[in-house]
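Colleague: To start, I am sharing the structure in question, which I have written as structure tokens.
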Amino acid sequence: MDKQTLIKQLLPSQPWDCTEDAVTAFACSNIALVKYWGKRQKELNLPVTSSLSISLQDRGSQTSLRCQLGSDDLYVVNGYTLDVSSAFARRVKAFLDLFRPSHEHGFYLETDNSVPLAAGLASSASGYAALVLALNELFQWQLDKKSLSIIARMGSGSASRSLWHGFVEWHRGNDEYGLDSYAAPLSHVWPELRLGLLLLNTGVKAIPSRQAMSITQVTSPFYSSWPTLVEKDLTTLKQALDEKDFNLMASTAEANALAMHACMHAARPPINYWLPETLATMQQVWQLRDQGMHVYFTQDAGPNLKLLFLHSDEPILRQYFPEMQVVVPFAKV
Ligand code: PMV
């Protein structure tokens with residue numbers, strides 16, 4: 001099954017009512033504690049493993065969308081109009097083409113991200129999730145979140161997890177068409193949990209995650225052990241959440257991120273997202289741990305780190321990392 005056929009199964013049949021008024025939607029970013037790295041089917045973005053994330057509360061993408069007869073697409077991201085020939089715009093267009101009522105309809109999309117784009121801070125996760133929420137509103141599909149998660153997954157795998165706050169698990173699923181590969185929230189609430197975003201370098205990433213994932217999967221000698229490791233880490237992480245055991249939760253997340261990067265480093269050509277400042281900061285975290293502090297990190301497809309710690313350690317950590325942006329995942333809004 002291809003994307004188009006899957007979408008036909010999920011969506012109400014055409015024609016969809018399309019308002020010319022703009023609709024707006026927000027989706028939060030998420031950071032995986034047990035990572036998604038590898039696809040079992042590329043076209044539908046079906047993952048090799050399940051994954052588990054924590055959402056970034058009010059940080060994410062705010063998107064407004066309009067559909068107009070007789071006009072070309074226009075994408076404005078953080079106030080800048082995208083060049084239609086850029087890889088980013090072409091990817092967005094290919095996704096929107098799946099839902100375009102006719103060739104004569106153009107989409108006007110404006111999105112503001114409160115996390116840096118393409119720097120491993122989950123901008124594509126919140127971006128595609130907000131876009132799918134906006135499409136649901138624009139065409140009045142009235143889909144449930146499970147279906148929206150499946151659709152968002154086809155834009156960017158991690159976007160499937162960006163429709164909820166808190167801890168979210170994306171289930172790998174077994175169905176060959178991915179109808180059971182969607183995310184769902186976990187019930188655990190952890191008000192004391194903090195994430196510290198360390199923007200060490202906000203330049204565009206060295207290699208897009210989708211390409212890096214594929215090279216790792218095909219060439220890394222360690223990739224064959226990744227699915228077993230993820231399964232084990234998911235079990236441990238859920239146990240840590242049940243027991244509210246911070247050290248177990250955060251040490252599992254850190255080890256999982258390091259294992260993902262070790263797989264990448266061994267790929268051919270090697271995939272490396274670490275910059276000197278990334279390694280220096282990791283060493284600083286390990287030193288603080290040696291001194292008895294409860295602080296850990298995780299890293300995605302970019303050089304930036306996200307620290308994991310508890311509210312009680314925030315004042316001291318702010319002294320070591322004055323630039324850190326602190327996220328309270330379970331803040332009351
Ligand atoms: O959603 P994608 O295709 O950008 O892949 C995300 C990959 C990681 O951020 C490294 C891991 C994850 O699970 O979010």
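Colleague: Name the residue, out of Q62, Q217, Q283, whose mean-square fluctuation peaks in a Gaussian network model built on the chain with Cα pairs under 10 Å.
Modeller: Greatest mean-square fluctuation among the candidates belongs to Q283.
Colleague: Once you sort the root eigenvalues of the Cα gyration tensor of the chain as a ≥ b ≥ c, which label holds: rounded (a/c under 1.5), prolate (a/b larger than b/c) or oblate (the other case)? Could you put the intermediate results ahead of the total?
Modeller: On the way: a/c = 1.70, a/b = 1.57, b/c = 1.08.
Prolate is the answer for the chain, as a/c is 1.5 or above and a/b outweighs b/c.
Colleague: Gaussian network model of the chain, Cα springs within a sub-10 Å range: biggest mean-square fluctuation belongs to which of S13, S162, S123?
Modeller: S13
Colleague: Now, a different point. What percent do you get for the relative contact order of region 193-327 when only Cα pairs under 8 Å and 6+ apart count?
Modeller: About 42 percent, as a whole number.
Colleague: Which order results if E104, E254 are arranged by neighbouring Cβ count within 10 Å, fewest first?
Modeller: Fewest to most other Cβ atoms nearby, the residues stand as E104, E254.
Colleague: Run the simple label-point estimate for D83 and A331 please: 7 Å along Cα→C-beta, distance reported in nm.
Modeller: For the pair D83/A331, the computed spacing is 3.6 nm.
Colleague: Does region 21-135 come out rounded, prolate or oblate, given a ≥ b ≥ c as the square roots of the eigenvalues of its C-alpha gyration tensor, rounded meaning a/c under 1.5 and, failing that, prolate meaning a/b above b/c?
Modeller: Taking the square roots of the gyration eigenvalues as a ≥ b ≥ c, region 21-135 is prolate.
Colleague: While we're on this one: Please get the size of the charge dipole for the chain, origin at its Cα centre, with Cβ charges of +1 on Lys and Arg and -1 on Asp and Glu, quoted in debye to the nearest 20.
Modeller: 640 debye
Colleague: Using only DSSP helix segments of four residues or longer, with each worth -39500 (n - 2.57), what per-residue ellipticity at 222 nm results for the chain after dividing by its residue count and rounding to 500?
Modeller: My calculation for the chain gives -11000 deg cm²/dmol from helical runs alone.
Colleague: Quick check for me: using +1 on Lys/Arg Cβ and -1 on Asp/Glu Cβ, what's the dipole size of region 125-257 about its Cα centre, in debye to the nearest 20?
Modeller: Taking the Cα centre of region 125-257 as origin, the dipole is about 360 debye.
Colleague: Name the residue, out of P101, P191, P315, whose mean-square fluctuation peaks in a Gaussian network model built on the chain with Cα pairs under 10 Å.
Modeller: So, out of P101, P191, P315, the one fluctuating most is P315.
Colleague: Determine the relative contact order of the chain: mean sequence separation of Cα pairs under 8 Å and six or more apart, normalised by residue count, in whole percent.
Modeller: It rounds to 21 percent for the chain.
Colleague: Turning to a different aspect of this structure: Lysines near K306 by alpha-carbon distance under 18 Å, same-chain residues fewer than 8 away left out - which ones?
Modeller: Leaving aside lysines fewer than 8 places away in the same chain, those within reach of K306 are K35, K205.
Colleague: Using only Cα atoms, tell me the angle between helix 87-97 and the longest principal axis of the chain; keep it within 0 to 90° and round to the nearest 10.
Modeller: Tilt of helix 87-97: around 50 degrees.
Colleague: Sort V204, V285 so the one with the fewest other Cβ atoms within 10 Å of its own Cβ comes first.
Modeller: V204, V285
Colleague: Let me ask something else about it. Can you give the angle from 0 to 90° between the axis of helix 209-219 and the longest principal axis of the chain, with both taken from C-alpha atoms, to the nearest 10?
Modeller: Around 70 degrees separate the two axes.
Colleague: Just to be sure I understand the model, the point goes 7 Å from the Cα along the line to the Cβ. What's the resulting S13 to K145 distance in nm?
Modeller: Between S13 and K145, the simple spin-label model gives 3.1 nm.
Colleague: Same structure again: Among rounded, prolate and oblate, which fits region 193-327 when a ≥ b ≥ c are the square roots of the eigenvalues of its C-alpha gyration tensor, a/c under 1.5 means rounded, and a/b larger than b/c means prolate?
Modeller: Note, shape of region 193-327 comes out oblate.
Colleague: Further question on the same structure: Cα-Cα over 22 Å: which of K146/K332; K8/K93; K3/K146; K145/K244? Before the final figure, lay out the partial values.
Modeller: Values: K146/K332 24 Å; K8/K93 18 Å; K3/K146 16 Å; K145/K244 27 Å.
Too far apart for the 22 Å limit: K146/K332; K145/K244.
Colleague: Where does each of M324, M293 land when they are ranked from fewest to most other beta-carbon atoms within 10 angstrom?
Modeller: Details: M324 20, M293 15.
The fewest-first ordering by Cβ neighbours comes to M293, M324.
Colleague: Once both axes come from the Cα atoms, what is the angle between helix 123-138 and the longest principal axis of the chain, in degrees from 0 to 90, rounded to 10?
Modeller: Between helix and principal axis, roughly 30 degrees.
Colleague: With each pseudo-label sitting 7 Å past Cα toward Cβ, what's the Q41-Q291 distance in nm, one decimal?
Modeller: According to this spin-label approximation, the distance is 5.1 nm.
Colleague: Still on this model: Estimate the FRET efficiency between V218 and M282 by the formula 1/(1 + (r/R0)^6), using the beta-carbon distance for r and 25 Å for R0, to the nearest 0.05.
Modeller: Efficiency for this residue pair is about 0.40.
Any read-out appearing in this document is the output of simple, stated calculations on the displayed coordinates, not a laboratory observation. From a predicted model like this one, the values you see are computed outputs, not experimental measurements. Note that we place each Cβ from the backbone using ideal geometry, even for glycine, and neighbour counts take in every protein chain shown.
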